[in-house]
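The values are calculated or read from the model by the stated rules, or taken from the named source; none is laboratory data. All figures in this text were calculated on a predicted structure; none of them were measured in a lab. Cβ: placed from backbone, ideal geometry, glycine included. Neighbour counts: every protein chain shown. Each accessible area value is taken on the protein alone, full model and side chains, heavy atoms only, with ligands, DNA and RNA left out. Shrake-Rupley method; radii C 1.70, N 1.55, O 1.52, S 1.80 Å.
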Amino acid sequence: MKKSMTISYEVGNNLYLNLTNKCPCACTFCIRNNADGAYGSDPLWLEHEPSVDEILYNLNSRNLSEYTEIVFCGYGEPTCRLDTVLTVAHELKSRPHCPMLRINTNGLSDLINGKFTSKELCEVMDIISISLNAGTKDEYMKITRPKFENAWEAMQKFTADCVNEKTSEIVMSVVDVIPQEQIEASKKLAESLGAKLRVRTYDE
């Protein structure tokens, strides 16, 4: 495992923020199982979690107007650092010509933080992308392997709460390595919650 301080990296026209390596899930297909980075980036295992000052210093070295989106993610689950996410996002929103802000999340923020979090996230994020991973509870628990027993239900409630805020685009995602019947079930579930479904190509 190579460690570095890759706080941000580019993928196409988007800028990704690497905020944490912590995650309450152990997804069977997670790229962390067989790689140190993603999309050709430098290693994403962090030497330490960057502070707000370190993140903003890194962002100040870039011309943010060049990007279509700034994506809060990490080689882990960004809502494990909810306060940092919100602080950085509010700062970016205050700047002129701020790109769209997106967070890639497993949807377990309420369980991670012990409170309802959809409202404060929807206040600053233009897009909330939630990893659904499977269309049925049994498959979800088998694939995602979360540490929370009620993760399936909490992820759906978080999604519905975000949809109800009516301020952000809410997208649920699955990876194209799951069976077609699970993709179809995922589409029905996303639609029932008022979200869109995105089928992502697995990055090896």
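Does GLN156 satisfy the criteria of being crowded, with 18+ Cβ neighbours inside 10 Å, at pLDDT below 95 and more than 29 Å from HIS48 (Cβ to Cβ)?
no
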Exercise. Kindly indicate whether SER51 is open to solvent by 40 Å² or more (accessible area, probe 1.4 Å) and not acidic (Asp, Glu).
Key: yes
Quiz prompt | Residue count for the stretch 56-79, restricted to those that are outside any helix (DSSP H, G or I), out of contact with any Pro (no Cβ under 7 Å at 6 or more places or on another chain) and within 26 Å of ASP110 (Cα to Cα) | solution = 5
Quiz prompt | Residues located in the stretch 44-55, provided they are in a helix (DSSP H, G or I) and under 19 Å from the mean Cα position of the chain (by Cα) | solution = VAL52, ILE55
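SER61 - would you say it is surrounded by fewer than 20 Cβ atoms within 10 Å (Cβ to Cβ) and at pLDDT below 95? Before you say what the answer is, go through the steps one by one.
Details: surrounded by fewer than 20 Cβ atoms within 10 Å (Cβ to Cβ): yes; at pLDDT below 95: yes.
Criteria met by SER61.
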Quiz prompt | Positions within the stretch 160-188 being farther than 15 Å from SER129 by Cβ and among the aliphatic types (A, V, I, L, M), in sequence order | solution = ALA160, VAL177, ILE178, ILE183, ALA185
Quiz item: When VAL88 is evaluated against the numbered criteria (1) of a type in the set (Val, Ile, Thr); (2) surrounded by 15 or more Cβ atoms within 10 Å (Cβ to Cβ); (3) assigned to a loop (DSSP other than H, G, I, E, B), which criterion, by number, is the only one it fails?
Solution: (3)
Quiz item: Hey, among the residues in the stretch 164-182 that are surrounded by fewer than 18 Cβ atoms within 10 Å (Cβ to Cβ) and β-branched (Val, Ile, Thr), which one's modelled with the highest pLDDT?
Solution: THR167
Practice problem: Find the residue count for the stretch 162-204, including only residues that are among the charged types (D, E, K, R), part of a strand (DSSP E or B) and in contact with a Ser or Thr (Cβ under 8 Å, 6 or more places away or on another chain). | Solution: 2
Quiz item: Which of (1) open to solvent by 10 Å² or more (accessible area, probe 1.4 Å); (2) under 17 Å from the mean Cα position of the chain (by Cα) does GLU149 not meet, given it meets every other one?
Solution: (2)
Quiz item: How many residues does the stretch 28-55 contain that are closer than 20 Å to THR105 by Cβ and either at pLDDT 90 or above or touching a strand residue (DSSP E or B) at 6+ places or on another chain (Cβ under 7 Å) (or both)?
Solution: 10
Practice problem: Mind listing whichever residues of the stretch 91-101 are surrounded by fewer than 18 Cβ atoms within 10 Å (Cβ to Cβ) and not in a helix (DSSP H, G or I)? | Solution: SER94, ARG95, PRO96, HIS97, CYS98, MET100
